[in-house]
Amino acid sequence: MQDAKNLKEYRKEIRESLDNDFLRTAMDNFAVAYRGSRANAFKDMDEKALIRDIAEAKDAAASRLDELFAKFKEEAEKRGAVVHLAKDAKEANEIIGRIAMDENCKTIVKSKSMTAEETLLNHHLEDDLNLKVVETDLGEWIIQMRKEGPSHMVMPAIHLSRHQVSDLFSDVTGQKQGDDVQALVKVARRELRQEFVDADMGISGGNFAIAETGSIGLVTNEGNARLVTTLPRVHVALMGLDKLTPKLHDALRVLKALPRNATGQAITSYVTWITGSNECAAAEDDRKKVHFVFLDNGRRALAKDPVFSQVHRCVRCGACANVCPVYRMVGGHKMGHIYIGAIGLILTYFYHGTEKAKNLVQNCINCGACKEICAGGIDLPGLIKDIQARILEEEGHPMYSSFLAKMMKNRKLFHKFLRIAKTAQKPMKGKDGFMRHLPMIFMPDHDFRALPTVAEVPFRDMWAKVQPAKVANPKYKVALFSGCVQDFVYPEQSVATVESMRNKDVNLEFPMDQSCCGLPLQMMGEVTAAREVAIQNMEAFEGTDCDYILTMCASCASHLKHNYMKMLGQDPKYATRVKAFADKVIDYSSFMNDVLGVEKEDFLDSAGDAVTYHAPCHLCRGLDVKSAPRELMVKAGLDYKESAEEEVCCGFGGTYSVKFPKISEQLLTKKVNNAKESGAKVLLTDCPGCVMQIRGGAKKQGTDLEVKHIAEYMAERRK
Amino acid sequence: MTAKAESVKLFTDKAELVSAVVTEISSLDEAYKYTMDLCGKKEACKMLISGCEQNLSNTAEQLCATKTGKTIVAPALAKKEAAALEKQCEENGFTLIKDSVRNHLGGIDIAFTRVDHGIAETGSLVLNCPNEELRLATMISEVHVAVLPKSKLVDNSYELESWMEGNMMKGDYTAFITGASRTADIERVLAIGVHGPLELHILLLED
Ligand code: SF4
Ligand code: SF4
């Protein structure tokens with residue numbers, strides 16, 4: 001549950017999680033094991049095609065929710081069930097409470113239902129109606145007795161150790177319990193079996209609701225859902241309207257992805273399909289009383305939203321939490337209110353409101369790991385940013401963010417500011433190109449990495465000198481997009497880029513009117529300013545006659561290519577122009593390796609250094625560029641040694657690392673350690689932001705790991 | 001390999017991956033014999049149903065006392081088959097429970113069933129069980145022995161669509177069963193049998 005009142009309180013909570021060693025180790029082990037088992041589970045399948053099919057089918061279903069509900073109701077009632085629609089959480093709870101009263105039920109067994117968590121159903125049944133409710137999913141039972149919320153969608157008690165469970169079970173049984181997990185599970189089996197015997201009512205969720213036949217499908221490993229839906233004389237299933245699907249086929253298709261994505265299983269132990277009212281010896285006339293309760297709680301409105309309707313594609317596999325580097329460190333209690341992980345940040349806003357969501361939603365580093373594996377192909381990081389922007393609109397922009405927006409909209413003013421910074425930093429400037437100490441505006445928490453100083457001369461001022469002579473009939477006409485960091489902080493990376501393609505039949509241009517790509521604005525949720533900056537950049541490059549817009553910054557590249565289209569592609573005034581612009585954008589490694597096609601022969605024959613690599617999020621996932629930089633390093637004669645978790649975020653995330661320095665620090669420490677363990681002395685990467693982060697971290701940790709942009713090595717090694 | 005042999009192999013591999021025990025048999029008699037052996041082999045201490053050896057609360061403890069002797073349940077068998085099984089149970093001194101499975105929630109040693117289909121892709125059994133006795137038997141027993149005729153094996157779940165939809169035209173309860181009941185909720189350690197059977201034995205019947 002998320003109850004922090006402000007960002008400061010939220011940060012404090014996060015720090016407590018970060019200090020929880022058990023949680024950290026459990027999550028780390030899980031994250032690494034999960035990646036392997038998921039890959040294995042999908043290895044013989046066309047994963048992307050399956051995800052596309054699910055997305056398409058779910059979108060189609062979302063567009064006809066009302067019709068599917070009506071059909072479901074008609075068919076289910078034909079077969080003896082009763083179907084209800086609740087407009088919000090309160091109404092859903094009341095409907096279920098009333099059923100319990102009407103049927104004279106005293107004790108209830110429940111199998112896991114996220115929707116019931118969403119409505120806080122147990123509170124109503126227990127506190128208002130004095131009923132006994134027992135969760136029967138082992139993890140849920142444990143956290144119910146501890147009075148906690150789930151910390152993971154699929155493994156709700158992942159934050160607890162066996163010792164904690166043992167102590168809890170000792171209390172519950174009144175008998176001393178040991179620490180053996182198998183024995184503890186047996187205790188639960190026996191204790192819960194008795195609860196099943198006593199129960200009058202069973203409450204389940206529903207993973208699928210099939211309109212054509214009014215059937216529901218339940219997915220479980222433990223088998224408790226089967227007992228919950230079989231033993232008691234009354235069965236109530238509570239589901240979100242988003243679970244409606246036209247035919248059985250849709251459910252079977254989702255079933256192919258759901259367990260694989262959740263835990264790397266091909267299928268769960270049990271999948272239960274229930275249609276209508278079945279035989280039940282405990283019921284009066286041998287027929288079970290069956291009620292299906294559908295929850296709206298904003299879902300119908302959401303289904304009509306052109307941007308956010310894709311949220312309904314979620315199948316609740318929890319995979320977006322499994323791969324999220326932030327979730328991995330802070331756990332579900334700090335990364336979600338009730339729904340957790342990437343989807344949790346989004347759903348919290350829609351189901352639980354701005355107040356609960358406003359701090360949480362900032363805690364996404366935008367690494368894109370969740371988007372890559374989502375079973376419904378939801379653009380999770382994109383939507384998280386969109387929500388952040390919405391909240392800014394609702395709550396008003398904080399001062400720093402409006403200030404930055406105002407300044408960055410005006411290129412000349414922004415560049416002037418950077419030039420002033422160069423002079424202003426003088427007293428803090430060390431000889432090694434780092435700041436000696438941090439400017440006052442930073443909190444002490446930021447001291448985990450050394451920060452670079454602004455360069456003496458920005459790249460734009462060097463351009464006249466470093467630009468290569470024009471080629472008469474060039475093979476490629478390229479315009480450089482340097483991004484602010486490579487222009488003002490690391491101009492040497494831009495120079496190296498120019499250098500690395502000398503004598504390659506390339507005509508280079510550098511449009512002076514280009515400004516920051518605008519990603520930092522987008523990250524802060526300043527959409528209007530981000531859009532204005534995008535237009536300025538587009539116009540700056542329209543003045544050139546280029547085939548490619550080359551950028552050596554992965555983040556700029558992915559922002560220019562995808563987000564510009566998102567921001568301007570719908571506007572008829574800009575649609576074709578922005579498409580032409582985005583199509584030309586290419587990253588450094590892809591250009592060198594795939595377009596220019598440099599070969600081994602282009603590089604020195606001598607053996608190069610041992611290097612390792614960090615794959616920037618916006619390159620490996622944002623642009624799906626995975627092999628080009630690795631091939632380049634090998635062609636250039638470098639001894640490439642792979643690091644562990646090369647594609648996990650380094651923790652930079654632009655303004656994110658300023659907002660959540662403790663998380664950034666942890667990610668960075670891991671990154672540097674993994675690089676050191678590879679045995680390489682040098683780490684190369686494709687993004688100046690990552691260079692800044694990792695170099696600053698290595699320096700602070702006092703290691704001799706050298707960190708460079710890949711272009712610098714390519715320039716050095718060319719013949 | 002013939003297509004069928006391939007499906008049998010895939011099914012077996014997948015089911016064994018989730019610790020089901022798969023055996024090929026050529027007659028139902030073999031199936032009864034297998035079940036008798038299994039029941040006989042269940043050690044004396046396991047006569048107490050799973051979990052009873054633990055430190056339990058008083059109420060949970062009471063449930064353990066409801067069980068006497070070794071029990072087998074086999075609802076929804078054809079008359080002739082049920083008679084054959086019963087005869088074998090008598091010879092071996094086991095009790096065959098024929099109805100009111102609900103009265104045995106403390107636990108039953110073995111549930112013996114014939115299932116409707118198998119899905120090779122995932123090693124799953126498919127059991128149509130609107131009959132409550134049958135449904136319950138496969139949930140509360142410690143061991144589930146399921147006979148699956150090879151002719152009922154399909155490659156993937158899509159092939160069962162029209163059969164399932166047919167069932168769903170009326171009230172229906174159908175289960176996909178893959179391996180034993182499992183959980184990883186405590187420290188992600190895999191533990192078997194949290195609610196359902198602790199063992200799943202699949203007898204592939206040549207037909
Ligand atoms: S958003 Fe995607 S990955 Fe996350 S739970 Fe939903 S389907 Fe799974
Ligand atoms: S983009 Fe990265 S940090 Fe953000 S929610 Fe997804 S996985 Fe987590």
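Checking the structure you have, find out if any residue of the stretch A:89-103 is over 27 Å from residue B:56 (Cα atoms), more than 10 Å from chain B (Cβ to nearest Cβ), at pLDDT below 95 and in a helix (DSSP H, G or I).
Scanning the stretch A:89-103 turns up no residue that is over 27 Å from residue B:56 (Cα atoms), more than 10 Å from chain B (Cβ to nearest Cβ), at pLDDT below 95 and in a helix (DSSP H, G or I).
Would you pick out the residues in the stretch A:175-206 that are without any contact (Cβ under 8 Å) to a residue 12 or more places away in the chain and part of a helix (DSSP H, G or I)?
The answer is A:182, A:183, A:186, A:189, A:190, A:193, A:194.
How about the stretch A:497-588: which strands (runs of 3 or more DSSP E) wholly inside it have at least 2 residues that are in contact with a Phe, Trp or Tyr (Cβ under 6 Å, 6 or more places away or on another chain), in contact (Cβ under 8 Å) with a residue 12 or more places away in the chain and buried (at least 21 other Cβ atoms within 10 Å of the Cβ)?
Because the criterion is at least 2 residues that are in contact with a Phe, Trp or Tyr (Cβ under 6 Å, 6 or more places away or on another chain), in contact (Cβ under 8 Å) with a residue 12 or more places away in the chain and buried (at least 21 other Cβ atoms within 10 Å of the Cβ), the strands (runs of 3 or more DSSP E) in the stretch A:497-588 that meet it are A:548-551.
Looking at residue A:414 and the list (1) open to solvent by 40 Å² or more (accessible area, probe 1.4 Å); (2) over 22 Å from residue A:334 (Cβ atoms); (3) more than 16 Å from ligand 1 (Cβ to nearest atom), which single condition is not satisfied?
In the conditions (1) open to solvent by 40 Å² or more (accessible area, probe 1.4 Å); (2) over 22 Å from residue A:334 (Cβ atoms); (3) more than 16 Å from ligand 1 (Cβ to nearest atom), residue A:414 misses (1) alone.
Please give the number of the condition residue B:181 fails out of (1) open to solvent by 10 Å² or more (accessible area, probe 1.4 Å); (2) in contact with a His (Cβ under 8 Å, 6 or more places away or on another chain); (3) without any contact (Cβ under 8 Å) to a residue 24 or more places away in the chain.
(1)
Go through the residues of the stretch A:644-653 one by one and say whether even a single one is surrounded by 22 or more Cβ atoms within 10 Å (Cβ to Cβ), outside any loop (DSSP other than H, G, I, E, B) and within 16 Å of ligand 2 (Cβ to nearest atom).
No, the stretch A:644-653 contains no residue that is surrounded by 22 or more Cβ atoms within 10 Å (Cβ to Cβ), outside any loop (DSSP other than H, G, I, E, B) and within 16 Å of ligand 2 (Cβ to nearest atom).
All but one of (1) of a type in the set (Lys, Arg); (2) out of contact with any Leu (no Cβ under 9 Å at 6 or more places or on another chain); (3) part of a helix (DSSP H, G or I) hold for residue A:71; state the number of the condition that does not hold.
Unmet condition: (2).
State whether one or more residues within the stretch A:168-184 are more than 7 Å from chain B (Cβ to nearest Cβ) and within 25 Å of residue A:342 (Cα to Cα).
no
Scan the stretch A:236-258 and tell me whether some residue there is among the basic types (Lys, Arg), within 11 Å of another protein chain (Cβ to nearest Cβ) and closer than 20 Å to residue B:195 by Cα.
Kept after step one, since they are among the basic types (Lys, Arg), are these residues of the stretch A:236-258: A:243, A:247, A:253, A:256.
Checking which are within 11 Å of another protein chain (Cβ to nearest Cβ) leaves us with A:247, A:253, A:256.
Within this subset, residues satisfying the condition of being closer than 20 Å to residue B:195 by Cα are none.
No, the stretch A:236-258 contains no residue that is among the basic types (Lys, Arg), within 11 Å of another protein chain (Cβ to nearest Cβ) and closer than 20 Å to residue B:195 by Cα.
Within the stretch A:191-221, work out how many residues are open to solvent by 10 Å² or more (accessible area, probe 1.4 Å) and within 7 Å of chain B (Cβ to nearest Cβ).
Total satisfying the criteria: 4.
I'd like to verify a number: residues in the stretch B:152-165 that are outside any loop (DSSP other than H, G, I, E, B), more than 7 Å from every other protein chain (Cβ to nearest Cβ) and touching a strand residue (DSSP E or B) at 6+ places or on another chain (Cβ under 9 Å), how many?
Restricting attention to the stretch B:152-165, the residues satisfying the condition of being outside any loop (DSSP other than H, G, I, E, B) are B:152-154, B:157-165.
This time we only want the ones that are more than 7 Å from every other protein chain (Cβ to nearest Cβ), so: B:152-154, B:159-160, B:162-163.
Those still in the list that are touching a strand residue (DSSP E or B) at 6+ places or on another chain (Cβ under 9 Å) too: B:152-154, B:159-160, B:163.
Residues in the stretch B:152-165 being outside any loop (DSSP other than H, G, I, E, B), more than 7 Å from every other protein chain (Cβ to nearest Cβ) and touching a strand residue (DSSP E or B) at 6+ places or on another chain (Cβ under 9 Å): 6 in total.
Tell me yes or no: at least one residue of the stretch A:402-416 is away from chain B (no Cβ under 14 Å), in contact with a Ser or Thr (Cβ under 6 Å, 6 or more places away or on another chain) and either more than 16 Å from ligand 2 (Cβ to nearest atom) or over 28 Å from residue A:616 (Cα atoms) (or both).
There is at least one residue in the stretch A:402-416 that is away from chain B (no Cβ under 14 Å), in contact with a Ser or Thr (Cβ under 6 Å, 6 or more places away or on another chain) and either more than 16 Å from ligand 2 (Cβ to nearest atom) or over 28 Å from residue A:616 (Cα atoms) (or both).
Please enumerate the residues belonging to the stretch A:74-91 that are open to solvent by 70 Å² or more (accessible area, probe 1.4 Å) and closer than 10 Å to residue A:214 by Cα. Even if it seems obvious, please write down each step before you answer.
Of the stretch A:74-91, the ones open to solvent by 70 Å² or more (accessible area, probe 1.4 Å) are A:74, A:77-78, A:87, A:90.
Result: A:74, A:77, A:78.
What are the residues in the stretch A:260-281 that are among the aliphatic types (A, V, I, L, M) and either within 16 Å of ligand 1 (Cβ to nearest atom) or open to solvent by less than 30 Å² (accessible area, probe 1.4 Å) (or both), if any?
Residues satisfying the conditions are A:262, A:267, A:271, A:274.
Determine if the stretch A:151-174 includes at least one residue that is open to solvent by 30 Å² or more (accessible area, probe 1.4 Å), among the charged types (D, E, K, R) and in a loop (DSSP other than H, G, I, E, B). Walk me through how you get there before you give the answer.
From the stretch A:151-174, those open to solvent by 30 Å² or more (accessible area, probe 1.4 Å) are A:154, A:162-164, A:167, A:171-172, A:174; that's our starting set.
If we keep only those that are among the charged types (D, E, K, R) as well, we get A:162, A:167, A:171.
From the residues that got through so far, the ones that are in a loop (DSSP other than H, G, I, E, B) too are none.
No.
Which ones in the stretch A:186-231 are among the hydrophobic types (A, V, I, L, M, F, W, C) and under 22 Å from residue A:132 (Cα atoms)?
A:187, A:188, A:192, A:196, A:197, A:199, A:201, A:203, A:225, A:227, A:228, A:231
Mind checking which residues of the stretch A:352-383 are basic (Lys, Arg) and more than 10 Å from ligand 2 (Cβ to nearest atom)?
Scanning the stretch A:352-383 gives A:356, A:358.
From the set of residues in the stretch A:361-393 that are within 14 Å of ligand 1 (Cβ to nearest atom) and of a type in the set (Asp, Glu), which is surrounded by the most Cβ atoms within 10 Å (Cβ to Cβ)?
Residue satisfying both the conditions and the ranking: A:372.
The values are calculated or read from the model by the stated rules, or taken from the named source; none is laboratory data. The structure displayed is predicted, hence computed values, not measured ones. Virtual Cβ from ideal backbone geometry, glycine too; neighbours counted across all protein chains shown. Side chains are part of the model used for accessible areas, which takes the heavy atoms of the whole protein and leaves out ligands, DNA and RNA. Shrake-Rupley method; radii C 1.70, N 1.55, O 1.52, S 1.80 Å.
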